[in-house]
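Okay, structure first, notes after.
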Amino acid sequence: MNPLFSDLALILIVAGIVTIIFKRLKQPLVLGYIVAGALTGPYITFIPTISNVESVEFWGSIGVIFLLFGLGLEFNLKKINKVGGAGFITVFTEVIVMFSVGILVGRILGWSWVTSIFLGGMLSISSTSIIIKAFDDLGIKNKKFTQLVFGALVVEDLVAILILVVLPAIVVSKTFDGVDLAMKIGNLALFLLLWFTVGIFSIPTLFKKFKHYLSDETLIVVSLGLCLMMVVITKNAEISEALGAFVMGSILSGTTQSERIIKLTKPIKDFFGAIFFVSVGMLVDPVAIWQYLPQILIISLAIIIAKPFAATLGLLFSGQTLKIAMLSGVCLCQIGEFSFIIVQMGMEKDVIAGYLYPIIVSVSVITTFITPYWVKLGEPLYNAQGERIAAEIEDISLGGDGEGD
């Protein structure tokens, strides 16, 4: 028997058991998959482990493609219009602050400029799935401030795609070349313009013309075929395959069959996404976690403090009240899926050291675990300090004596 079958059977059974336990503990399933990967990976040997990590990593890379394809399917111009200026201002402020914090922390820890820049990218993006899970568990999904958080997450997804494309162009040569970077961004812009122009005008028309022939089976085959075709095209054009999957998902989101495609591809996305997170856990060495524990704690602390502060600041800049800004800001206190993709991309291109991988995964686990407690802490934190801060801000705006003209 091909070892891949026994490996797949092992990781699915272990992942199923672990995620049931995590579901009962009201923890995100993503954490369960990572723990299952660590248990079945090569570093823990007192229980059965997989025999071929490379095969599972390949399946995990397919998981990344389908995760980004699913993200593209749910990403359209209507969502961008709904977000408004608040989402863009919030995310712009947050990304600037967290990139700076990441670079600063990396340099303080003695890491190279390239590793520090990658760290800044990893710290800039929050986890949509973890935040949604926290909102569901706490029963606050329909509150006003959560809608602002969802808007910010939509923009963050767009920024994450941009980071995945631009970051390698900046650091792959380990030196900054402005002309080369401008050429790569220009080529990328032309590529996207071409495909969005062709795709938006041709693919929806074809789907509409042949809609009577598109049974569920045919529709899923055609959709996944187009996704993988775009992945091959972007890979051959030396552009991120993740971007290719996202682009095709975005194009298909404009068709009349978009809702059906989302429904049909969701099980496939969930399956391969689970394998991706399991493969993330497999590469985590417990010895490395202990060895780099101080760095893990420092980065976790920086995220837990700086990200909510940066998001709150951005929301204040966008015109939100201090209470809404604080309640929304504390929700963005973690890193997640895109951080794993960014660190793997850096390792594949051999521009960052391998020790960053277990550090980032461990930081993600810590910040994910803390997220629901931070969300619950938002209102008490405002009640304790927010009213005083708001009063001081109002006093300053009135000239320092608390009285208007």
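The values are calculated or read from the model by the stated rules, or taken from the named source; none is laboratory data. Every value quoted in this text rests on a predicted model; they were computed, and no experiment measured them. Please note: Cβ atoms are built from the backbone with ideal geometry, for glycine as well, and neighbour counts cover all protein chains shown. Surface accessibility is based on the protein's heavy atoms, side chains included, excluding ligands, DNA and RNA. Shrake-Rupley method; radii C 1.70, N 1.55, O 1.52, S 1.80 Å.
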Fluctuation leader among P308, P168, P294 - the chain, Gaussian network, Cα springs under 10 angstrom: P294
Highest average packing first - 318-331, 247-260, Cβ atoms within 10 Å: 318-331, 247-260
Estimated [θ] at 222 nm from DSSP helical runs (n ≥ 4, -39500 (n - 2.57)) normalised by residues in the chain, nearest 500: -26500 deg cm²/dmol
Cα gyration tensor shape for region 43-167, rounded if a/c is under 1.5, else prolate or oblate: oblate
Region 215-312: equivalent-ellipsoid semi-axes (sqrt of 5 x gyration tensor eigenvalues, Cα, Å): 36, 18, 15
In order through region 162-168: 3J(HN,Hα) via Karplus (6.51 cos²θ - 1.76 cosθ + 1.60), integer Hz, x for Gly, Pro: 4, 5, 4, 8, 7, 4, x
The chain - charge dipole about Cα centre, Lys and Arg +1 at Cβ, Asp and Glu -1, debye rounded to 20: 1020
Where region 182-246 is the region considered: accessible area per residue in Å², 1.4 Å probe: 63
Translational D in µm²/s for region 277-366 (Stokes-Einstein at 25 °C, 0.890 mPa s, Kirkwood Rh from C-alpha pairs): 171
Prolate/oblate/rounded call for region 276-315, Cα gyration tensor, a/c under 1.5 rounded: oblate
Extreme residue, positive dipole direction of the chain, given options S328, V91, L194 (C-beta unit charges): L194
Among P286, I303, I268 the positive-end extreme of the charge dipole of region 233-309 (Cβ point charges): I268
GNM flexibility winner over the chain from I108, I298, I96 (Cα, springs under 10 Å): I108
Lys/Arg +1, Asp/Glu -1 at C-beta; the chain dipole; positive extreme among L158, F369, L138: L138
In sequence order, calculated HN-Hα J values of region 95-109 (Karplus, 6.51, -1.76, 1.60; Hz; x Gly/Pro): 5, 4, 5, 6, 4, 5, 5, x, 5, 4, 5, x, 5, 4, 6
Solvent-accessible area per residue, Å², over region 315-371 with all protein chains present [probe radius 1.4 Å]: 29
10 °C / 1.306 mPa s Stokes-Einstein diffusion coefficient of region 1-112, Kirkwood radius on C-alpha pairs, µm²/s: 89
The chain: relative contact order as a whole-number percent, Cα under 8 Å and 6+ apart: 28
Test item: Cα-centred dipole of region 214-285, Lys/Arg +1 and Asp/Glu -1 on Cβ, debye: 160
Whole-Hz couplings from phi, Karplus 6.51/-1.76/1.60, listed for region 298-309; x for Gly and Pro: 5, 5, 4, 5, 4, 5, 4, 8, 6, 5, x, 4
Fluctuation leader among F150, F191, F92 - the chain, Gaussian network, Cα springs under 10 angstrom: F191
